[in-house]
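Single-structure report; data block below.
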Amino acid sequence: MAYFVTGGTGFLGRNLIDLLLRREGTIHVLVRAASKAKFAALVAERWPDQAARLVAVTGDLAKPRLGVAPAVLARLKGTITQLFHLGAIYDLTNEDQAGQAAANVEGTRHAIGFAEAVGAGCFHHTSSIAAAGLYRGWWREDMFDDWEANAHPYYQTKHEAERIVRDACRIPWRIYRPGVVIGHSQTGEIDKIDGPYIFFKLILQLRRMLPQWVSLLGIEGGFLNIVPVDYVTAAMDALAHKQGLDRRCFHLTNPKHHRVGEVVNIFARAAGAPEFALRIDARMFNLIPPGLRSMVANLPPVRSIIDAVLGGYGIPRQALRFFNYPTRFENRETAKALKGTGIACPQLAAYAGFVWDYWERHLNPELFKDRSLAGAVRGRVVVVTGGTSGIGLATAEKIAGAGATTVICARKQAELDATQAALRAKGLDVHAYSVDVADPASCDAFVAAVLRDHGRVDILVNNAGRSIRRSVHLSYDRFHDFERTMAVNYFGALRLIMGFLPRMAERKFGQIINVLSIGVQVNQPRFSAYVASKAALGAFARCAQPEFHHRNITFTNVYMPLVRTPMIAPTKLYDHIPTLNPDQAADLIVKGIIERPKRVATRLGNMGEILWAAAPDITNILFNTTYRLFPDSAAAQGAGSGEIPAPSGEAMALAALTSGLHW
C-alpha cells in the first residue's frame, strides 16, 4: 500500500500523515522545488524515525498532473492506493478571486489528472462546509446543488472544486467537509490564527482590564461548527480505509452547533476572562432595511470607526459578513460510518483550555513583538521631568540604561549636576536642564533648549509633581494650595506637552506619559487639591488622544499608587504604611513605554474605579469611615512639626490590606 498526499506540509496534512504512518506503506508527499529543504526539516523534526517511508515528490498544484515529471509518473503508476488531496488556500480574509481559483479549483483539477495518470485506487478530496455557501437551515451530506451562492472567493472555489470531483473524476472518490478546524483537542497545537481565534486578542484585553466576575453585554451572532484537527484527521483516516463508501460525502462536523457569542464565552472562561452574560441576537439588525444598513455601513466615517475598532482587537473586517452565519450541518451518515471506531467529535468546552493555552504560549501576536525597553527607546530622545529623585530618577536610569538619549529636568541646578554626574559615571547618556514647571516662561525656555540641542522629543514623561494631603475643612483659607498644585501638576505639564507636540505631529510619532495618581480612580479623601490637578491632566490626555491617533501619537495615563519618595516624606503617617519603592513605580512607566497603552493601572485602582461607578453611595460611606481612621498630619493641622497620634491597629490593618492607596 502506498499513499500520495497534497498539502502534506500544511496543518491538516501533517496531522493526517501522523496517522498514516501508523499503517503500512510509503507516503509520497507533493512538495514544490523551493520547499524541499523545508519538508526535509519537517521530517527531521516531526518524523525522524519514519524518514525512510516519507518520499518528497517535486511538483506544483498550479500545473497539469501536478507538474510531476513523466519519469516519476511512470514509476508511481499502479502503486498509489489512496490519494489525499488537501492542498488548497484557506483564508477568509483573502479576496483574491484568481489566486484562490488557481489553488482550489485548478489545483483540484490537476490533482484529479495526476490521480488518473497513476491509476490511484481512490481520490480523497478535502472540501469544506463552505461548499454550502450561506444556505439557511440544515445542510445534509447528500446536498450539493442547493447551496446558496456567496460572493466570497473561498466559498465559491470550494464549491466549484467539489463539483469538479463529482463530475470529472473517473476513479473512485470520497469527499470530506470539515467544520471550522481549530487546534488539537489534547495539545491545542495549531499553526494559523483564523476562525474563533480572531476573538482571542479581544478576550486577552478584557482579561487584563476587568475581573473575571464582571458580566458584559455582547452580540449573539450566527452558528459556528467547530472541530479539533485530531477529530478531522482521525475521521478521514478511518473513512478512507473502510470499504463501500465510494462516491459519498462526509460531514466532519460537530453535532453541537454554537452561536458566536457562546463560542466567545467558552474561550473567555478558558482564559479566565469576563464573559458576555447578556447577548443581543444580531438578527434584530435585520429589521433595518438591507439597503439602509449597507448605505450606513459604507459611509466613510462609519467605515473608519469600524476598521479602527476591529483593528484594535485584531478582528478582520471580512469576518463581519460571516457573523450571522445561518447554516447548520447534519452528519448522521458520517456518524453511522464511524460507528464502532470510537471516533467522535469532543465538545468544545472540554478542550478549549488546551486551545487557548497553546495560542497564548505560541501564537499570540504579542509574543513576536520586541517587548524590551531597549526595543522601545533605543535611539529615542526621552524627557523625564522631576528626574533627580524618586520615581523620575529611577525611570531615567532605566531608560538611559536601555539606550535612550535621556533628558532630565528639575528646579535645583546642584541636584541636577550631581544626578547627571552619577548617571554618566555609569556610562549613561543623560542630559540635565534646570526648569521650574510652575513657571510658563521657564517651561518655554526648556522646550526651546531641548529641541535646539536634540532636534526632537520622542517620549515625554510628565513625572514632576506637587502633592498636598490636607482635609478640605483645613483648606478654607488656603486657596493657594489648589493654585500651586494646578500650576505644577496640570498647567506645567500641559505647557511642556504643548511645546513638544508640534514636532511630534510633524514626525508622526510620539508618546506623552502622564504620571497621575491612583487617587484619580478611587477619589480618596484629603487629596482634593492633588487629585483634582492630576485628574485634569488625565482628562486632557483622553480628550487629545483622538485628535492625534492618525499621527501615531499616544497619550498614556499612569495611575500611580503610593510610592515612598521625598514627596511623601513630610507625612510621617506614611512611615507606618506599606508603599511601592521608586524602582517598582518606574516599572509601571516602563510598561507604558513598551506597550503604549492608553492607561496603566493596578488591579486595586481599577477595583476602586468600578466601586465608585457601581455603588457610589456605599463607596462614599466606606471612605468616610476610613477618612476618620487616619488623622491629618501636624503640618496640615497647622501644628508645625508637632507630633500626631500613631495610627490605630484598625488603620494599620486597612493600610496593609490596601497597599498603594493614599490614606
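The values are calculated or read from the model by the stated rules, or taken from the named source; none is laboratory data. Quick caveat: nothing in here was measured; it's all calculated off a predicted structure. Reconstructed Cβ throughout: ideal geometry from the backbone, glycine too, with neighbour counts over all protein chains shown.
With (1) closer than 30 Å to L604 by Cβ; (2) in a helix (DSSP H, G or I); (3) touching a helix residue (DSSP H, G or I) at 6+ places or on another chain (Cβ under 7 Å) as the list, and L239 as the residue in question, which single condition is left unmet?
So the condition that L239 fails would be (1).
Would you please name the residue that is nearest to K201 (Cα to Cα), looking only at residues in the range 256-290 that are modelled with pLDDT of 95 or more and out of contact with any Lys or Arg (no Cβ under 9 Å at 6 or more places or on another chain)?
F267
Of (1) in a helix (DSSP H, G or I); (2) buried (at least 16 other Cβ atoms within 10 Å of the Cβ); (3) among the small types (G, A, S); (4) more than 31 Å from the chain's Cα centre (by Cα), A40 satisfies all except one. Which?
Going through (1) in a helix (DSSP H, G or I); (2) buried (at least 16 other Cβ atoms within 10 Å of the Cβ); (3) among the small types (G, A, S); (4) more than 31 Å from the chain's Cα centre (by Cα) one by one, A40 breaks only (2).
Within the range 518-528, can one find any residue that is within 28 Å of Q584 (Cα to Cα), touching a residue at least 40 places away in the same chain (Cβ under 8 Å), crowded, with 22+ Cβ neighbours inside 10 Å and touching a Pro at 6+ places or on another chain (Cβ under 8 Å)?
Among the residues of the range 518-528, at least one is within 28 Å of Q584 (Cα to Cα), touching a residue at least 40 places away in the same chain (Cβ under 8 Å), crowded, with 22+ Cβ neighbours inside 10 Å and touching a Pro at 6+ places or on another chain (Cβ under 8 Å), which makes the answer yes.
Conditions: (1) touching a residue at least 12 places away in the same chain (Cβ under 8 Å); (2) on the phi < 0 side of the Ramachandran plot. A69 meets all but one. Number of the miss?
(1)
Would you point out which residue out of P631, P597 is at pLDDT 90 or above and not in a strand (DSSP E or B)?
Details: P631 fails: at pLDDT 90 or above.
Exactly one of P631, P597 is at pLDDT 90 or above and not in a strand (DSSP E or B), namely P597.
Can you report the number of residues in the range 7-36 which are within 33 Å of the chain's Cα centre (by Cα), outside any helix (DSSP H, G or I) and under 21 Å from L76 (Cα atoms)?
3
So that you can scan it fast, the table gives a plain yes or no per residue for (1) surrounded by fewer than 16 Cβ atoms within 10 Å (Cβ to Cβ); (2) touching a helix residue (DSSP H, G or I) at 6+ places or on another chain (Cβ under 8 Å); (3) free of Cβ contacts under 8 Å to residues at least 40 places away in the same chain:
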| position | (1), (2), (3) |
| --- | --- |
| G7 | no, yes, no |
| G13 | no, no, no |
| G25 | yes, yes, no |
| H28 | no, yes, no |
| E45 | yes, no, yes |
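Scan the strands (runs of 3 or more DSSP E) fully inside the range 56-150 and keep the ones with 2 or more residues being under 22 Å from D246 (Cβ atoms).
Output list reads 82-85, 123-126.
Do we have any residue at all in the range 123-139 that's under 29 Å from V355 (Cβ atoms), buried (at least 19 other Cβ atoms within 10 Å of the Cβ) and touching a Gly at 6+ places or on another chain (Cβ under 8 Å)?
Checked the range 123-139: at least one residue is under 29 Å from V355 (Cβ atoms), buried (at least 19 other Cβ atoms within 10 Å of the Cβ) and touching a Gly at 6+ places or on another chain (Cβ under 8 Å).
Considering only the range 362-384, I want to know if a residue exists there that is assigned to a loop (DSSP other than H, G, I, E, B) and without any contact (Cβ under 8 Å) to a residue 12 or more places away in the chain.
Yes - at least one qualifying residue is present in the range 362-384.
Given the structure, is G492 modelled with pLDDT of 90 or more, more than 22 Å from R599 (Cβ to Cβ), assigned by TED's automatic domain parsing to the domain that holds Y559 and among the small types (G, A, S)? Full working, then the answer.
Values: modelled with pLDDT of 90 or more: yes; more than 22 Å from R599 (Cβ to Cβ): no; assigned by TED's automatic domain parsing to the domain that holds Y559: yes; among the small types (G, A, S): yes.
The answer is no for G492.
Kindly list the number of the only condition in (1) surrounded by fewer than 15 Cβ atoms within 10 Å (Cβ to Cβ); (2) modelled with pLDDT under 95; (3) of a type outside the set (A, V, I, L, M); (4) more than 27 Å from the chain's Cα centre (by Cα) that fails for N150.
Of everything listed in (1) surrounded by fewer than 15 Cβ atoms within 10 Å (Cβ to Cβ); (2) modelled with pLDDT under 95; (3) of a type outside the set (A, V, I, L, M); (4) more than 27 Å from the chain's Cα centre (by Cα), N150 misses just condition (1).
Exactly one condition in (1) within 35 Å of the chain's Cα centre (by Cα); (2) at pLDDT below 65; (3) not in a helix (DSSP H, G or I) is false for G640; which is it?
The single condition G640 does not satisfy is (1).
Check N489, N514 and return the single one that is assigned to a helix (DSSP H, G or I), in contact (Cβ under 8 Å) with a residue 12 or more places away in the chain, surrounded by 22 or more Cβ atoms within 10 Å (Cβ to Cβ) and under 37 Å from the mean Cα position of the chain (by Cα). First the steps, then the outcome.
On the way: N514 fails: assigned to a helix (DSSP H, G or I).
Matching residue, one of N489, N514: N489.
Quick check: anything in the range 541-559 modelled with pLDDT of 85 or more, more than 25 Å from the chain's Cα centre (by Cα) and buried (at least 18 other Cβ atoms within 10 Å of the Cβ)?
no
Which of the residues belonging to the range 113-135 are at pLDDT 95 or above and under 41 Å from the mean Cα position of the chain (by Cα)?
Of all residues in the range 113-135, those at pLDDT 95 or above come to 113-127.
Result: F123, H124, H125, T126, S127.
Would you be able to tell me the number of residues in the range 419-446 that are part of a helix (DSSP H, G or I) and either surrounded by fewer than 23 Cβ atoms within 10 Å (Cβ to Cβ) or at pLDDT below 95 (or both)?
In the first step, residues of the range 419-446 are kept if they are part of a helix (DSSP H, G or I); the result is 419-425, 440-446.
Narrowing further to those that are either surrounded by fewer than 23 Cβ atoms within 10 Å (Cβ to Cβ) or at pLDDT below 95 (or both): 419-425, 440-442, 444-445.
Result for the range 419-446: 12.
Taking the residues in the range 221-236 that are in contact with a Phe, Trp or Tyr (Cβ under 9 Å, 6 or more places away or on another chain) and not in a strand (DSSP E or B) as candidates, determine which candidate is surrounded by the fewest Cβ atoms within 10 Å (Cβ to Cβ).
By that ranking, first place goes to G222.
Just a yes or no: is a residue in the range 451-460 touching an Asp or Glu at 6+ places or on another chain (Cβ under 9 Å), among the hydrophobic types (A, V, I, L, M, F, W, C) and in a strand (DSSP E or B)?
Checked the range 451-460: no residue is touching an Asp or Glu at 6+ places or on another chain (Cβ under 9 Å), among the hydrophobic types (A, V, I, L, M, F, W, C) and in a strand (DSSP E or B).
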